[in-house]
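Structure first, commentary second.
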Amino acid sequence: MAGSVSNGLAELGKRGLPEEAAAAAAEPLPEELEPEVAEGIREIVMGRNVHASCFAVKEPDADDEVTGEREATMAGVLARYRRCLIERTKHHLGYPYNLDFDYGALAQLQHFSINNLGDPFIESNYGVHSRQFEVGVLDWFARLWDLEKDEYWGYITNCGTEGNLHGILVGREVFPDGVLYASRESHYSVFKAARMYRMDCVKVETLVSGEIDCTDFGRKLFENKDKPAIINVNIGTTVKGAVDDLDLVIETLEKTGFQNRFYIHCDGALFGLMMPFVKLAPKVSFKKPIGSVSVSGHKFVGCPMPCGVQITRLKHINALASNVEYLASRDATIMGSRNGHAPIFLWYTLNRKGYRGFQKEVQKCLRNAHYLKDRLRNAGISAMLNELSSTVVFERPKDEEFVRRWQLACEGNISHVVVMPSVTINKLDSFLNELVEKRVTWYQEGICQSPCIAGDVGQHNCLCTMHKV
Ligand SMILES: *Cc1c(COP(=O)(O)O)cnc(C)c1O
C-alpha cells in the first residue's frame, strides 16, 4: 500500500519534479534496479528473468536488533526502489494506466485490513469492510449505464479480467449450452474464460480497425443456429482501441433468428469509462439487450492498485448465487476475499472529478492522441488512430531497448501508445524527438527500411516505401 499515497507525479506537469525526487532522478540508478538489458530480444524464460534482479530476503543477524542494521538496510532498499518507480513512471507510455493522481488523503487507511468478502449488498460477519463505499460506487456506475437501483447487481473486482470471467460465467449460467463468440482481437482473458469453463468458443474475424466483422459474425451464428449465443463485445480492444459496433451486433443476432436466445457481455476494461464522455459516441446502455458491463479501475480512472467494476442485471445473478453459512452471505463473486481499499479509492476519484472532470480528461486524451498521430505521420512514420479512441498504433520501433525504455506494448510489427491523462504533450514530445532521432540510425538510406504495416493498419495509414504517396 506504500504506493497508495501521493506519488508526487500529479505535480510533475505543473511545477516540475519535487526537489527530492528531482535529485534522486538525476543520479544513475543502482545496478539491480536497471531494467535488464539482454542482447537482442528479451526471451521469456519461466523463472529466470525476475530472479536475476530480485531483492533477496535475508535472515536477520543475531545482533541486528542492537545495531539497527537490518532496519537501515531495508530502508535503503525501499528508498532506491522508490527512485526506480519515479523514473519508470516518467517513461511510461504503452499500457493504459493513468498514473496521475494524489491519494494522500487516504494514507490514514492503510493501517486497516479492509476486506469486502462476500456479496456487496449483504453484510457478512466481518466488520472491517468498505461496503458503504462499494455500493456508492456501484450505484454511480449503474446510473451511468441506465440501470435502476433495484434492477442491478454488481461488485468491485480485482481487475478487468475478473469482470470478464464473471460476465461470461453469468452468460453461461443463463444459457448453459450457449456458444461463446468473441472477435479475435478480444482480450486474452475472454479465451481464458472459455478454457476455464470448457465452453465452445468461436473466434470472429475483425476489420482492419480491429472491430468485430459482423458479416463473419452472422455467418458463424448461422452455423450454430441450434445453440444460444454468448457474445463478448469490446468497448475498446487492447491493441488497437477499436470499439465493436454494439447496435450492429444486436441487429445481426436478431436477423439471424437469435431473439431472446443471446447474452451480451461488454468488455469495457479500456474505454468503458471514456466512451460515455465522447460526443457522438454510441451508447453502452442497459436499455439495450445487454447482460453485463465491466471496466478496469486502474486504467483510465487511475487507481493505484488493480481493480475493476462489474455490473449485471439482478435477475441474472440468481442463476449464479449460492448461500454460504460461514460468511453469512451470498456467494456470487469469482474471488473470495476482495480488496476493501479499492472501492474507497474509486469513490474518492469519482467524487473529486465527477462527470465533468472525466469529460475534460477524455477530451484532453483524445486531443493529445491526435497530436501524437499527426506528428508521427509528419515524421514519415506509419500510424493509425481509431475514431473514439486514444490508442495510437504505429510501426514497432526497431530497437528493443527503446521499446523497454518507453514501456511500449508490441504485437508483431506494431506497437502502441495509449494516451491517458498522465501522458502530457511534454512527455509525447520527448518520446517523439527520441524516436525520430533513433530512426535515422535504424533506417539509414539503402541499408534497411522501415517495416510495412498495411496489413495491421490499412494501406492508407501505412507510410512504408511501397505505400507512401
Ligand atoms: C486491460 C484489459 C482487460 C483486462 O484487464 P486487467 O485489469 O488487466 O485484468 C480486459 N479487456 C481489455 C480490452 C483490456 O484492455
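The values are calculated or read from the model by the stated rules, or taken from the named source; none is laboratory data. None of these values were measured; they are calculated from a predicted model. Note: ideal-geometry Cβ built from the backbone for every residue, glycine included; neighbour counts use all protein chains shown.
Only residues that are modelled with pLDDT under 95, within 16 Å of the ligand (Cβ to nearest atom) and in a loop (DSSP other than H, G, I, E, B): list them for the stretch 260-280, please.
Listed by number, the residues that qualify are 269, 270, 271, 272, 273, 274.
Check 167, 94 and return the single one that is surrounded by 16 or more Cβ atoms within 10 Å (Cβ to Cβ), within 16 Å of the ligand (Cβ to nearest atom) and closer than 30 Å to residue 428 by Cα. Before you say what the answer is, go through the steps one by one.
Details: 167 fails: closer than 30 Å to residue 428 by Cα.
Being surrounded by 16 or more Cβ atoms within 10 Å (Cβ to Cβ), within 16 Å of the ligand (Cβ to nearest atom) and closer than 30 Å to residue 428 by Cα holds for just one of 167, 94, which is 94.
Looking only at the stretch 234-252, which residues are more than 16 Å from the ligand (Cβ to nearest atom) and over 18 Å from residue 283 (Cβ atoms)?
Once the filter is applied, which keeps residues that are more than 16 Å from the ligand (Cβ to nearest atom) and over 18 Å from residue 283 (Cβ atoms), the stretch 234-252 yields only 252.
Taking the conditions exactly as written (farther than 17 Å from residue 208 by Cα and either modelled with pLDDT of 95 or more or in the same structural domain as residue 386 (by TED's automatic domain parsing) (or both)), does residue 444 satisfy them or not? Quick ask: steps written out before the conclusion?
Working: farther than 17 Å from residue 208 by Cα: yes; either modelled with pLDDT of 95 or more or in the same structural domain as residue 386 (by TED's automatic domain parsing) (or both): yes.
Judged against the criteria, residue 444 is a match.
Of the residues 264, 311, which single one is hydrophobic (A, V, I, L, M, F, W, C) and surrounded by fewer than 24 Cβ atoms within 10 Å (Cβ to Cβ)?
Going through 264, 311 in turn, the sole match is 264.
Out of 182, 229, which single residue is in contact (Cβ under 8 Å) with a residue 24 or more places away in the chain, assigned by TED's automatic domain parsing to the domain that holds residue 455 and under 30 Å from residue 462 (Cβ atoms)? Working first, answer last.
Values: 229 fails: under 30 Å from residue 462 (Cβ atoms).
That would be 182, the only listed residue that is in contact (Cβ under 8 Å) with a residue 24 or more places away in the chain, assigned by TED's automatic domain parsing to the domain that holds residue 455 and under 30 Å from residue 462 (Cβ atoms).
Of the residues that make up the stretch 218-233, is at least one part of a loop (DSSP other than H, G, I, E, B) and under 30 Å from residue 96 (Cβ atoms)? It would help to see each step written out before you state the result.
Within the stretch 218-233, the subset part of a loop (DSSP other than H, G, I, E, B) is 224-228.
Applying the additional criterion that residues be under 30 Å from residue 96 (Cβ atoms) yields none.
So far as the stretch 218-233 goes, no, none of its residues is part of a loop (DSSP other than H, G, I, E, B) and under 30 Å from residue 96 (Cβ atoms).
In the set 78, 93, 99, 106, which member is over 26 Å from residue 339 (Cα atoms) and aliphatic (A, V, I, L, M)? If you could, list the steps in order and put the result at the bottom.
On the way: 78 fails: over 26 Å from residue 339 (Cα atoms); 99 fails: over 26 Å from residue 339 (Cα atoms); 106 fails: over 26 Å from residue 339 (Cα atoms).
None of the other options fit; the residue is 93.
Can you list residue pairs whose Cβ atoms sit under 7 Å apart, with the first residue in the stretch 112-141 being under 12 Å from residue 153 (Cα atoms) and the second being surrounded by fewer than 17 Cβ atoms within 10 Å (Cβ to Cβ) and of a type in the set (D, E, K, R)? Count only pairs 6 or more apart in sequence or on different chains.
From residues that are under 12 Å from residue 153 (Cα atoms), the pairs are 139/149.
Would you mind stating whether residue 104 is within 24 Å of the chain's Cα centre (by Cα) and modelled with pLDDT under 95?
Working: within 24 Å of the chain's Cα centre (by Cα): yes; modelled with pLDDT under 95: yes.
Spelling it out, residue 104 is indeed within 24 Å of the chain's Cα centre (by Cα) and modelled with pLDDT under 95.
Restricting the stretch 182-200 to residues that are within 16 Å of the ligand (Cβ to nearest atom) and outside any helix (DSSP H, G or I), which is farthest from residue 248 (Cα to Cα)? Show your work before the answer.
Taking the stretch 182-200 first, the residues within 16 Å of the ligand (Cβ to nearest atom) are 182-196.
Now narrow it down to the ones that are outside any helix (DSSP H, G or I): 182-187.
Details: 182: 14, 183: 14, 184: 17, 185: 17, 186: 17, 187: 20 Å.
Among those residues, the one meeting the criterion is 187.
Does at least one position in the stretch 365-383 carry a residue that is among the β-branched types (Val, Ile, Thr) and closer than 21 Å to residue 295 by Cβ?
Step one: filter the stretch 365-383 for residues among the β-branched types (Val, Ile, Thr), giving 381.
Filter once more, so that each one left must be closer than 21 Å to residue 295 by Cβ: none.
Within the stretch 365-383, not a single residue is among the β-branched types (Val, Ile, Thr) and closer than 21 Å to residue 295 by Cβ.
Just a yes or no: is a residue in the stretch 212-223 closer than 26 Å to residue 308 by Cα and without any contact (Cβ under 8 Å) to a residue 12 or more places away in the chain? It would help to see each step written out before you state the result.
So the first thing to find is which residues in the stretch 212-223 are closer than 26 Å to residue 308 by Cα, and the list is 212.
After this cut, where a residue has to be without any contact (Cβ under 8 Å) to a residue 12 or more places away in the chain as well, the list is none.
So far as the stretch 212-223 goes, no, none of its residues is closer than 26 Å to residue 308 by Cα and without any contact (Cβ under 8 Å) to a residue 12 or more places away in the chain.
May I ask you to list the residues in the stretch 281-296 that are part of a loop (DSSP other than H, G, I, E, B) and either at pLDDT below 95 or of a type in the set (A, V, I, L, M) (or both)?
Of the residues in the stretch 281-296, the ones part of a loop (DSSP other than H, G, I, E, B) are 281-291.
Matches in the stretch 281-296: 281, 282, 283, 284, 290.
Here is a list of conditions, (1) crowded, with 17+ Cβ neighbours inside 10 Å; (2) more than 16 Å from the ligand (Cβ to nearest atom); (3) of a type in the set (D, E, K, R), and residue 211 meets all of them except one; can you say which number that is?
Result: residue 211 passes all but (2).
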